[in-house]
Amino acid sequence: MALSLTFATIIFLTLHTAHSSNPPFACDWSNPSSRSYPFCNPKLPIPQRTKDLLSRLSLQEKLSQLVNAAPSIPRLGIPAYQWWSEALHGVGSVGPGIRFNASISSATSFPQVILSAATFDSLLWYRIGRAIGIEARAIYNAGQAQGLTFWAPNINIFRDPRWGRGQETPGEDPLLTSGYAVSYVRGLQGDSFHGGKLRGHLQASACCKHFTAYDLDNWKGVDRFLFDARVSLQDLADTYQPPFQSCVQQGGASGIMCAYNRVNGVPSCADFNLLTKTARKEWHFRGYITSDCGAVGIIHDQQGFAKSAEDAVADVLRAGMDVECGTYLTDHAKSAVLQKKVSLSQIDRALHNLFSIRMRLGLFDGNPSSLPFGMIGPNHVCSKEHQYLALEAARNGIVLLKNSPTLLPLPKTSPSISLAVIGPNANASPLTLLGNYAGPPCKFVTILQGFQHYVKNAVYHPGCDGGPKCSSAQIEQAVEVAKKVDYVVLVMGLDQSEEREERDRVHLDLPGKQLELVNSVAEASKKPVILVLLCGGPVDISSAKYNHKIGGILWAGYPGELGGIALAQIIFGDHNPGGRLPVTWYPKDYIKVPMTDMRMRADPSTGYPGRTYRFYKGPKVYDFGYGLSYSKYSYEFVSVTHAKLHLNQSSTHVMVENSETVRYKLVSELGEQTCQSMSLSVTVRVQNHGSMVGKHPVLLFMRPKNQKNGNPVKQLVGFQSVMLDAGEMTHVGFAVSPCEHLSRANEAGAMIIEEGSQVLLVDDQEHPIDITV
């Protein structure tokens with residue numbers, strides 16, 4: 001039996017290798033046995049199908065399916081499946097699930113997430129997710145993918161400016177991050193923009209990661225594997241958890257990844273309260289939960305939380321994890337079963353979740369070519385539409401930080417203009433412009449090439465030796481180049497050697513001799529220079545901000561495959577910048593705050609300044625939401641319904657803070673219907689007073705009239721991106737839910753609405769809100 005099974009396996013794998021242009025699928029209707037299997041009947045409910053399938057598997061076959069590289073089951077016609085593929089900002093080449101070859105050798109590489117977030121444009125994020133999902137399905141249909149489960153988006157809060165992976169996230173704000181998560185997931189999975197239209201198959205599967213409170217990789221000897229994040233219930237409730245709750249409940253994500261780190265002593269992947277009680281029971285998550293790669297092994301081998309390897313396996317399966325990225329379960333799951341530490345019901349639960357996803361993807365319904373999404377082919381990858389979308393995202397995300405004295409835009413190409421492009425990132429490789437977790441791009445345009453489209457004879461000088469580290473610099477040569485031209489663009493910043501996974505920063509300065517190069521070139525130039533920063537995390541450029549010889553500053557994140565064109569179009573006035581910073585830019589002495597301190601709220605008694613614009617009480621280089629334009633915009637509150645809210649439903653609670661009695665309502669006691677009935681409808685008039693059309697994000701904030709301990713200084717409650725012609729005026733509407741937007745978490749982690757006055761803010765315009773209970 002063993003010999004014949006091995007032979008069958010060889011034949012099966014040979015056939016699937018020989019026909020690699022065909023996507024792998026189960027339930028081939030040309031095979032008579034497939035027709036007799038209930039699990040192959042797409043008319044039956046998925047739970048009934050998975051139950052039938054599990055009844056046919058041996059223990060060894062079941063255990064083999066609990067890892068990311070799930071092997072084939074030839075006797076049932078089930079091909080191998082790879083759970084690990086990446087699609088952070090385009091289908092990636094990281095992870096073994098995707099193969100780029102001659103048929104499809106590249107995919108659209110959108111800007112790194114932190115820059116796309118700066119657009120504050122939910123529809124754009126949805127379109128990016130949708131484009132990535134289409135290209136993912138096309139690659140699968142071409143036989144170049146072993147799976148359709150993609151481990152994105154990364155929706156951890158960018159809590160500390162030094163975090164190397166902050167570039168992968170939508171920033172520091174829970175509402176912004178939640179909005180990105182929902183839009184991206186709906187797009188990737190094939191849902192509509194507003195959600196609720198997903199019927200039948202998933203286009204691809206999205207996975208919200210890293211659950212939860214994961215935002216430290218490797219800082220001063222503290223690494224993510226051993227880090228125990230000590231997080232208050234208050235901070236969990238109103239900062240760390242909301243993006244994951246939105247990703248699941250509103251986005252309908254079909255996957256969650258549990259993180260490496262411990263939270264309050266418990267490894268995330270072994271936390272029953274997190275994975276089962278919160279995600280599945282409270283949020284009604286319907287999908288699979290994977291570990292991060294190698295996370296199961298570290299629970300015993302490094303963290304010492306589990307006493308044995310078998311205990312680690314038991315802990316994660318008991319907690320609600322379904323599949324491991326790694327081989328620890330391959331090595332130890334069987335012995336855990338034999339030692340009666342893992343039950344068959346736990347294994348079957350995990351397999352039900354896993355096979356349900358594969359069925360929802362249509363991989364057990366016969367040949368995919370005749371199913372929904374079956375007509376998506378190679379022509380859908382790197383399409384003109386998707387490449388233009390990558391350009392649009394970069395243009396609308398780039399943030400203009402300084403423009404004095406209206407240096408920008410530069411005059412269009414003429415015989416008299418001369419330009420120098422100087423700096424370690426001016427002619428950087430794709431690795432720099434794309435950011436991490438990228439795949440091979442369809443095209444690639446450097447910053448220098450973008451400028452050469454406008455000034456053919458633009459002069460280039462790297463300025464630094466060895467890239468952005470800039471341990472040594474050719475300052476004298478760069479100065480001589482700058483002296484000979486009309487305009488100078490300095491392209492500085494960071495790259496993946498400075499910030500990435502497993503590498504957090506230890507300072508917030510420009511690396512090496514970059515600042516000395518900037519100051520020297522600026523001083524020698526005929527006119528004020530333009531400084532461009534490529535980076536994910538913020539840098540302290542206070543000296544450049546106040547240097548009158550530096551006339552323009554732009555932050556371009558990691559702008560993707562067409563970022564060079566996008567930047568040039570902005571600098572030469574073919575696009576009006578409108579991006580806004582999705583993170584606070586702190587002064588360099590913020591590094592005095594230990595990165596391991598997870599507290600969001602400031603503590604004046606100890607001098608702890610707090611984190612993010614919501615709680616930080618200290619000087620800033622640039623504020624969250626800051627961004628200039630070539631146009632001036634004005635705002636006016638037109639109407640606010642329910643500006644005076646009287647909450648007489650449910651019980652009124654009382655607490656004492658700083659000798660002051662505060663009355664409040666618990667959101668959980670108000671109920672969903674009551675919360676909806678109290679929604680505020682806010683209308684704001686916005687006008688473009690400039691001479692250029694502009695894509696403009698309108699940000700609506702709330703702040704308490706009287707600041708109290710535990711309350712945010714202010715917080716984002718809504719955002720809309722609008723396109724306005726020169727001189728055009730429009731009305732922008734916001735729906736503000738008191739239960740969601742005007743509440744805060746108390747120390748017990750419960751969301752409460754306090755009595756008192758609050759203020760709605762749009763730029764310099766204010767409107768009062770009065771709440772009585």
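Identify all residues within the stretch 506-530 that are within 23 Å of Leu434 (Cα to Cα), open to solvent by less than 10 Å² (accessible area, probe 1.4 Å) and touching a residue at least 60 places away in the same chain (Cβ under 8 Å); write none if there are none.
Of everything in the stretch 506-530, those that are within 23 Å of Leu434 (Cα to Cα), open to solvent by less than 10 Å² (accessible area, probe 1.4 Å) and touching a residue at least 60 places away in the same chain (Cβ under 8 Å) turn out to be Leu508, Gln514, Ile530.
Can you tell me which residue among Leu400, Leu434 is within 28 Å of Val485 (Cα to Cα) and in contact with a strand residue (DSSP E or B) (Cβ under 9 Å, 6 or more places away or on another chain)? Outline the logic, then answer.
On the way: Leu434 fails: within 28 Å of Val485 (Cα to Cα).
Exactly one of Leu400, Leu434 is within 28 Å of Val485 (Cα to Cα) and in contact with a strand residue (DSSP E or B) (Cβ under 9 Å, 6 or more places away or on another chain), namely Leu400.
Checking the structure you have, find out if any residue of the stretch 668-687 is open to solvent by 30 Å² or more (accessible area, probe 1.4 Å) and touching a Lys or Arg at 6+ places or on another chain (Cβ under 7 Å).
no
Just need a number here: residues in the stretch 731-759 that are open to solvent by 10 Å² or more (accessible area, probe 1.4 Å) and assigned to a helix (DSSP H, G or I).
Total satisfying the criteria: 3.
Given the structure, is Asp589 of a type in the set (Asp, Glu), modelled with pLDDT of 95 or more, surrounded by fewer than 22 Cβ atoms within 10 Å (Cβ to Cβ) and under 24 Å from the mean Cα position of the chain (by Cα)? Reasoning before the result, please.
Values: of a type in the set (Asp, Glu): yes; modelled with pLDDT of 95 or more: yes; surrounded by fewer than 22 Cβ atoms within 10 Å (Cβ to Cβ): yes; under 24 Å from the mean Cα position of the chain (by Cα): no.
Answer is no for this residue.
So for the stretch 275-294 (the condition being part of a helix (DSSP H, G or I), open to solvent by less than 30 Å² (accessible area, probe 1.4 Å) and under 25 Å from Arg56 (Cα atoms)), does at least one residue qualify?
Of the residues in the stretch 275-294, the ones part of a helix (DSSP H, G or I) are 275-282.
From what is left, the residues that are open to solvent by less than 30 Å² (accessible area, probe 1.4 Å) are 275-276, 278-279.
Still in the running and under 25 Å from Arg56 (Cα atoms): none.
Taking every residue of the stretch 275-294 in turn, none turns out to be part of a helix (DSSP H, G or I), open to solvent by less than 30 Å² (accessible area, probe 1.4 Å) and under 25 Å from Arg56 (Cα atoms).
Across the stretch 443-453, what is the total count of residues that are open to solvent by less than 40 Å² (accessible area, probe 1.4 Å) and out of contact with any helix residue (DSSP H, G or I) (no Cβ under 6 Å at 6 or more places or on another chain)? I'd like the intermediate steps shown before the answer.
Taking the stretch 443-453 as the starting set, the residues that turn out to be open to solvent by less than 40 Å² (accessible area, probe 1.4 Å) are 445-448, 450-451.
Those still in the list that are out of contact with any helix residue (DSSP H, G or I) (no Cβ under 6 Å at 6 or more places or on another chain) too: 448.
Qualifying residue count for the region: 1.
Does Gln707 satisfy the condition of being in contact (Cβ under 8 Å) with a residue 40 or more places away in the chain and under 30 Å from Glu669 (Cβ atoms)?
Details: in contact (Cβ under 8 Å) with a residue 40 or more places away in the chain: no; under 30 Å from Glu669 (Cβ atoms): yes.
Here the answer is no, as Gln707 does not meet what is asked.
If we keep just the residues of the stretch 623-653 that are open to solvent by 90 Å² or more (accessible area, probe 1.4 Å) and modelled with pLDDT under 95, which is nearest to Val693 (Cα to Cα)?
Filtering the stretch 623-653 for residues that are open to solvent by 90 Å² or more (accessible area, probe 1.4 Å) and modelled with pLDDT under 95, the one nearest to Val693 (Cα to Cα) comes out as Lys644.
Kindly list the number of the only condition in (1) closer than 25 Å to Val698 by Cα; (2) open to solvent by less than 20 Å² (accessible area, probe 1.4 Å) that fails for Met598.
(1)
If the Cβ limit is 8 Å and pairs must be 6+ apart or interchain, which residue in the stretch 175-194 that is on the phi > 0 side of the Ramachandran plot and open to solvent by 20 Å² or more (accessible area, probe 1.4 Å) pairs with which residue that is part of a helix (DSSP H, G or I) and modelled with pLDDT of 95 or more?
Gly190/Arg130; Gly190/Gly133
Could you check, for the stretch 95-103, whether at least one of its residues is of a type in the set (Phe, Trp, Tyr), outside any helix (DSSP H, G or I) and farther than 15 Å from Gly397 by Cβ?
Within the stretch 95-103, one or more residues are of a type in the set (Phe, Trp, Tyr), outside any helix (DSSP H, G or I) and farther than 15 Å from Gly397 by Cβ.
Go through the stretch 536-578 residue by residue and tally those that are open to solvent by 10 Å² or more (accessible area, probe 1.4 Å) and either touching a Cys at 6+ places or on another chain (Cβ under 6 Å) or hydrophobic (A, V, I, L, M, F, W, C) (or both).
2
For (1) more than 26 Å from Met359 (Cβ to Cβ); (2) free of Cβ contacts under 8 Å to residues at least 12 places away in the same chain, each residue gets a yes or a no:
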position	(1), (2)
Met257	no, no
Val263	yes, no
Leu275	no, no
Gly294	yes, no
Lys307	yes, yes
Val316	no, no
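Could you check Ser116 against (1) of a type in the set (Gly, Ala, Ser); (2) assigned to a helix (DSSP H, G or I); (3) open to solvent by 10 Å² or more (accessible area, probe 1.4 Å) and say which number it fails?
(3)
When you scan the stretch 466-523, how many residues do you find that are under 20 Å from Ile550 (Cβ atoms), touching a Pro at 6+ places or on another chain (Cβ under 6 Å) and acidic (Asp, Glu)?
Matching residues across the stretch 466-523 total 0.
Can you find a residue that is of a type outside the set (S, T, N, Q), touching a Phe, Trp or Tyr at 6+ places or on another chain (Cβ under 8 Å), part of a loop (DSSP other than H, G, I, E, B) and closer than 30 Å to Pro604 by Cβ anywhere in the stretch 689-705? Even if it seems obvious, please write down each step before you answer.
Our first condition is that a residue be of a type outside the set (S, T, N, Q); within the stretch 689-705, this holds for 689-690, 692-705.
Cutting the leftovers down to touching a Phe, Trp or Tyr at 6+ places or on another chain (Cβ under 8 Å) gives us 689-690, 692, 694, 696-700.
Imposing the further condition that a residue be part of a loop (DSSP other than H, G, I, E, B) reduces the set to 689-690, 692.
Those left that are additionally closer than 30 Å to Pro604 by Cβ: none.
Scanning the stretch 689-705 turns up no residue that is of a type outside the set (S, T, N, Q), touching a Phe, Trp or Tyr at 6+ places or on another chain (Cβ under 8 Å), part of a loop (DSSP other than H, G, I, E, B) and closer than 30 Å to Pro604 by Cβ.
From the residues in the stretch 416-435 that are crowded, with 22+ Cβ neighbours inside 10 Å and within 30 Å of Gly97 (Cα to Cα), which one is farthest from the chain's Cα centre (by Cα)?
Step by step, filter the stretch 416-435, then rank; the result is Ala428.
Pull out all pairs, ordered by first then second residue, where Cβ-Cβ is under 7 Å, the residues are six or more apart or on different chains, the first lies in the stretch 760-773 and is touching a residue at least 12 places away in the same chain (Cβ under 8 Å) and outside any strand (DSSP E or B), and the second is polar (S, T, N, Q) and surrounded by fewer than 21 Cβ atoms within 10 Å (Cβ to Cβ).
Within 7 Å, the pairs are Val773/Thr652.
The values are calculated or read from the model by the stated rules, or taken from the named source; none is laboratory data. These numbers come from a predicted model, not from an experiment. Here the Cβ is made from the backbone with ideal geometry for all residues, glycine too, and neighbour counts use every protein chain on show. Accessible surface is based on the protein model in full, side chains and every heavy atom, while ligands, DNA and RNA are left aside. Shrake-Rupley method; radii C 1.70, N 1.55, O 1.52, S 1.80 Å.
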